[in-house]
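Here is the structure we will look at.
The values are calculated or read from the model by the stated rules, or taken from the named source; none is laboratory data. Keep in mind that what you see is a predicted model, and the values were worked out from it rather than measured. In this analysis, Cβ positions are derived from the backbone assuming ideal geometry, glycine residues included, and neighbour counts consider all displayed protein chains. Just so you know, the surface numbers come from the protein's heavy atoms only, side chains and all, with ligands and any DNA or RNA stripped out. Shrake-Rupley method; radii C 1.70, N 1.55, O 1.52, S 1.80 Å.
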Amino acid sequence: MPKYNPPKNAQALEKKLGYTFKDKKLLLEALTHKSCKNAYNNERLEFLGDAVLDLLVGEFLFRKFPSAKEGELSKLRACIVNEKGFMKLAKSLDLGAFLHISQSEEHNKGREKASILSNAFEALMGAIYLESELTFLKDIVLKLLEQNYAKIDLRSLFTDYKTALQELTQAIFGEIPTYTLVSESGPDHQKSFEIALSVNGVEYARAKGSSKKDAQQKSAQIAYEKISALYKNNHQNNDKER
């Protein structure tokens, strides 16, 4: 059996959540990053939390936007259920202060990294789900969403460029973008990924990020703005020729 050390300031985090863990080992597991090289870490709980959060964010948006169409709700959910969205929720709990990370991650400001914070948030929600199923978790998640996304509207949340770009390229080219990993560099605790984006074999963008998802979103934004501008210019030129 792996040896467990007490979670850092467990009571302070539980107070922020409004939930007290019956099994402190489960809480510790949710707060432990893989860089610690322990016999346990939060990756499995992260997987579970991601699935549960997808459901709860969907319900939150379904009730908040009663007139929104299915496609709009899907876009909205994609804008919250991602690294950036969950980092925002993690920061509202000051989750970074409670994490168990390695010394190397500590030196590299791991407590502020989007990937570590978002993964830990998913793991924490997964841990609460294991203990209480949806009984307590639903109230916790909905409260966090209301606090952090109280003023959202359909336009302000549409920052999921991958989804927007896919719709754009399907409409213009009848194809979806292809994302190719060009390079991967840096030590394990501070990786950098470069992604190339192409449509119909034509490269439209390249971007680097701290994760593959981050690099894909950045390259999608570049390509979306570039293709949108090209399409707009071509459309205007066609109108002039008529």
| task | Scan the stretch 195-233 for residues that are crowded, with 17+ Cβ neighbours inside 10 Å, among the hydroxyl-bearing types (Ser, Thr, Tyr), over 17 Å from the mean Cα position of the chain (by Cα) and not in a strand (DSSP E or B) and report the count. | result | 1
| note | Condition set without any contact (Cβ under 8 Å) to a residue 24 or more places away in the chain and in a loop (DSSP other than H, G, I, E, B), scope the stretch 117-154, selection nearest to Ser67 (Cα to Cα): answer is Asp153
| request: Consider Lys22 carefully, then state whether it is closer than 18 Å to Met125 by Cβ and part of a loop (DSSP other than H, G, I, E, B). | output: yes
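Can you name the residue in the stretch 131-182 that is of a type in the set (Asp, Glu) and at pLDDT below 90 and, of all such residues, is farthest from Glu203 (Cα to Cα)?
Residues of the stretch 131-182 of a type in the set (Asp, Glu): 131, 133, 139, 146, 153, 160, 167, 175.
Next cut, at pLDDT below 90 only: 133, 153, 160, 167.
Numbers: Glu133: 45, Asp153: 33, Asp160: 20, Glu167: 17 Å.
The residue in question is Glu133.
Inside the stretch 44-70, can you point out the residues that are open to solvent by less than 40 Å² (accessible area, probe 1.4 Å) and either without any contact (Cβ under 8 Å) to a residue 24 or more places away in the chain or of a type in the set (A, V, I, L, M, F, W, C) (or both)? Full working, then the answer.
Step one: filter the stretch 44-70 for residues open to solvent by less than 40 Å² (accessible area, probe 1.4 Å), giving 45, 49, 52-53, 56-58, 60-61, 65, 68.
Once the filter is applied, which keeps residues that are open to solvent by less than 40 Å² (accessible area, probe 1.4 Å) and either without any contact (Cβ under 8 Å) to a residue 24 or more places away in the chain or of a type in the set (A, V, I, L, M, F, W, C) (or both), the stretch 44-70 yields Leu45, Val52, Leu53, Leu56, Val57, Gly58, Phe60, Leu61, Phe65, Ala68.
Give the stretch 171-185 a look and list any residue that's assigned to a loop (DSSP other than H, G, I, E, B) and either closer than 13 Å to Gln216 by Cα or in contact (Cβ under 8 Å) with a residue 24 or more places away in the chain (or both), or say none. Break it down into steps so the answer makes sense when it comes.
Residues of the stretch 171-185 that are assigned to a loop (DSSP other than H, G, I, E, B), as a first pass: 173-177.
Selection gives Phe173, Glu175, Pro177.
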